[in-house]
Amino acid sequence: MKECNKERTNERTSKRRSERTNERTNERTNERTNERTNERTKELMNLQYFKDYYLSVFRYEFDQVLLGEAHEWNQRRGISIRKS
């Protein structure tokens, strides 16, 4: 009888330790995820600020006539980036 009680106690203790370990692991994982999310949010906010600033300072207007020229320029730029 005493052996059976010891086994049950050991099982409960082991289960509690395992649960605490899992909780700590989950907390650390959540902290890392939150840090990454915060970093990404800051990046996106900076990008949005830049976009807003750029559009307020330099007025962007789409001109279909210049589309072909812009496409060629962008292709040349991509090729030169790949070569370097």
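Rule-based calculations on the coordinates, nothing more; no lab input. Model, not experiment: these values are computed from the prediction.
Tabulated results
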read-out: Gain on full stretching of the segment that runs from Glu27 to Asn10 - 0.36 nm per residue minus C-alpha separation; value: 3.6 nm
read-out: Cα-Cα separations in the stretch 2-83 greater than 15 Å, expressed as whole percent; value: 80
